[in-house]
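Here the structure comes first, spelled out in structure tokens, and everything after it is commentary.
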Amino acid sequence: MITAPQPHDDEAARINAALDAGWDYVHLRYPDLTLRQVRAIIEGVSQKYHERLKLHGHFELVHEFNLGGLHLNRRCPAAPPQFSGALSASCHNIADIEAAAKSGRFSYVTLSPVFSSISKQGYNPSLTEVEFAEALSAAGDMPVVALGGITPGNAAAVLDAGFAGYAVLGYLDAAAAPEDIIARSNEFFKPN
């Protein structure tokens, strides 16, 4: 799961609910929040889940809370010097995937948008199915996680296409309350 840029009033409870529901990680993506605001959200998340949180900014918090790692993106393209923890990165085209694979530094990368975004109107896939296949091939052994427009109705298709997994933002962000996040998450995790 990836958080929306603007947190909900009950953001920490929503993150706890997502992790209770079974998501591997929650990516904390708050480009406009202060260090203090992000710290307050993390403090509200159960400590047992801190190692399953990934930061998209305010990287100095990673050691303060023993978090699960950093996610590099256009806004924060490099890890701090001396950082040796887990890294992931945002990719949007084949060249991004090739560069990430060549670096050998990433546990996984996200590739987006795979489908038309739920949270960003007008943010549509720029790669064709053939190009998605080329991107996955270019990744080699590096796992590629699908992002963008993922719903329970299309999640299986991304796995069938060869993605290592998927990340969800808009579908879960639309949940009205933490218990709704659990219900929406269960739609992804129910047995076929």
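The values are calculated or read from the model by the stated rules, or taken from the named source; none is laboratory data. All values reported here derive from a predicted model rather than from experimental measurement. Here Cβ is always computed from backbone atoms with ideal geometry, including for glycine, and neighbour counts include all displayed protein chains. Please note that ligands, DNA and RNA were not included when accessible areas were found on the heavy atoms of the full protein model with its side chains. Shrake-Rupley method; radii C 1.70, N 1.55, O 1.52, S 1.80 Å.
Being surrounded by 18 or more Cβ atoms within 10 Å (Cβ to Cβ) and within 19 Å of the chain's Cα centre (by Cα) is a property that TYR108 has. Could we say that TYR25 is closer than 30 Å to GLU129 by Cβ, aromatic (Phe, Trp, Tyr) and in contact (Cβ under 8 Å) with a residue 24 or more places away in the chain here? Answer is yes for this residue.
Could you tell me whether any residue of the stretch 145-159 is loosely packed, with under 15 Cβ neighbours inside 10 Å, in contact with a strand residue (DSSP E or B) (Cβ under 8 Å, 6 or more places away or on another chain), not in a loop (DSSP other than H, G, I, E, B) and not β-branched (Val, Ile, Thr)? Looking through the stretch 145-159, at least one residue is loosely packed, with under 15 Cβ neighbours inside 10 Å, in contact with a strand residue (DSSP E or B) (Cβ under 8 Å, 6 or more places away or on another chain), not in a loop (DSSP other than H, G, I, E, B) and not β-branched (Val, Ile, Thr).
Filtered by the rule that a residue be in contact with a helix residue (DSSP H, G or I) (Cβ under 8 Å, 6 or more places away or on another chain), assigned to a strand (DSSP E or B) and among the aliphatic types (A, V, I, L, M), the stretch 84-133 gives ALA89, VAL109, LEU111.
Restricting the first member to the stretch 59-74 and to residues that are assigned to a loop (DSSP other than H, G, I, E, B), and the second to residues that are buried (at least 20 other Cβ atoms within 10 Å of the Cβ) and at pLDDT below 95, the beta-carbon pairs closer than 9 Å and six or more apart or on different chains are GLY68/VAL62. Restricting the search to the stretch 30-82, which residues are closer than 16 Å to PRO5 by Cα, over 18 Å from the mean Cα position of the chain (by Cα) and of a type outside the set (A, V, I, L, M)? Correct list: THR34, ARG36, GLN37, ARG39.
Among the residues of the stretch 101-123, is there at least one that is of a type in the set (A, V, I, L, M), out of contact with any Pro (no Cβ under 6 Å at 6 or more places or on another chain), closer than 15 Å to THR3 by Cα and free of Cβ contacts under 8 Å to residues at least 40 places away in the same chain? Looking through the stretch 101-123, none of the residues is of a type in the set (A, V, I, L, M), out of contact with any Pro (no Cβ under 6 Å at 6 or more places or on another chain), closer than 15 Å to THR3 by Cα and free of Cβ contacts under 8 Å to residues at least 40 places away in the same chain.
Out of ALA167, ALA177, one residue alone is under 26 Å from ALA17 (Cα atoms) and loosely packed, with under 14 Cβ neighbours inside 10 Å. It is ALA177.
Taking only pairs six or more apart or across chains, which ones have beta-carbon atoms under 8 Å, a first residue in the stretch 1-14 that is under 16 Å from TYR25 (Cβ atoms) and in contact (Cβ under 8 Å) with a residue 40 or more places away in the chain, and a second residue that is of a type in the set (Lys, Arg) and part of a loop (DSSP other than H, G, I, E, B)? These pairs meet every condition: ILE2/ARG29; THR3/ARG29; ALA4/ARG29. Among the residues examined, ASN73 does not qualify as polar (S, T, N, Q), open to solvent by 20 Å² or more (accessible area, probe 1.4 Å) and in contact with a helix residue (DSSP H, G or I) (Cβ under 7 Å, 6 or more places away or on another chain).
Every condition in (1) out of contact with any Lys or Arg (no Cβ under 8 Å at 6 or more places or on another chain); (2) within 23 Å of LEU172 (Cβ to Cβ); (3) open to solvent by less than 30 Å² (accessible area, probe 1.4 Å); (4) not small (Gly, Ala, Ser) is met by THR3 except one, and the failing one is (1).
Scanning the stretch 37-58 for residues that are β-branched (Val, Ile, Thr) and not in a helix (DSSP H, G or I) yields one hit, VAL45.
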